[in-house]
1. Quick one: length gained pulling residue 257 to residue 279 fully straight, 0.36 nm per residue minus the C-alpha distance?
2. If you scale each eigenvalue of the Cα gyration tensor by 5 and take the root, what three semi-axes come out for segment 125-275, rounded to whole angstrom and sorted largest first?
3. 7 Å from Cα along Cα→Cβ at both residue 243 and residue 53: what's the point-to-point distance in nm?
4. Measuring from centroid to centroid over Cα atoms, what is the spacing of segment 94-126 and segment 240-293 in Å?
5. For residue 2, project a label point 7 Å along Cα to C-beta. Then give me every residue of segment 75-107 with its amide nitrogen under 17 Å of that point.
6. Wrap a convex hull around the Cα atoms of segment 1-144, take a quarter of its surface area, and give that in square nanometres.
7. Between residue 269 and residue 42, how many nm apart are label points set 7 Å from Cα along the C-beta direction?
8. Based on alpha-carbon centroids, what's the gap between segment 52-91 and segment 183-217 in Å, whole number please?
């Protein structure tokens, strides 16, 4: 089958022919109809997490998929050949930039019936991340105040919608051209980062989600109320990240040092900082599928590329050209 792989860290993505994967007892084989590009693909390619996530080389990139089940493992229940599914495969089993992928069925959910394959492929990683941030980490509910940066992006656009569904007041930062989009998605307060400083106009937030890092993260701490939580998507990583991935104890110490400065700044303000890294979860994805089917959430797609143009799609994301939502690769 055709797939897009890297032969080593910091090596270019290229097309190649590789054997179709085999199906284990707990797996479903999926004929890929669409996949989407995430910043995480770049982080894997550049080796940012290579000490914690040891991918064999060559490896196929791609963390989101929508497609059709063509084979089921002997221990699989709940899925059958012909089912239309979507998934964020678990770490070390990614590889959606291919014609087929074998996925552990516990990472899979039935595709929302009202979404096309291209739309569904834009959902899994960002929807799971939004749920884990807002529900599992932030305990967001009616009356909560949530700030999410880069509200027009794939993650931000999903966080806005889910936070509003949960009853929160939502603020976001966005460029001038994206104000109408994030407002339509439900943002109550929109700060144009090109003209205004969010730290001067926002305050009293329970949860802040930062995917920018650096000085933006430091200023984000200032808008939280005492006891508030800041989640960093781009880092710095902390000991909790090492624990989540089951890394040896020395890694917990090393990552704790990397995040020491921002954690100290947070503690001084009476708030908490934590690095966030999402995990695959088919059961939660099924819950989210119901929200998409009910119209409470909708995918936001920036543009689509054909499967043959996967390298161009990755370059488009890496260059920061996406202006609203996800970049999707389709086999249609």
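FYI, it's all coordinate maths here, none of it is from the lab. What you see is a predicted model, and the numbers here were worked out from it, not measured in a lab. So basically every Cβ, Gly included, is an ideal-geometry build from the backbone, and we count neighbours across all protein chains shown.
1. Here the answer is 5.6 nm.
2. Taking √(5λ) for each eigenvalue gives 25, 17, 14 Å, largest first.
3. With each label point 7 Å from Cα toward Cβ, the separation is 2.0 nm.
4. 24 Å
5. Answer for segment 75-107: 96-101.
6. Working: hull surface 39.3 nm².
For segment 1-144, the mean projected area of the Cα convex hull comes to 9.8 nm².
7. So the two model labels end up 2.5 nm from each other.
8. 35 Å
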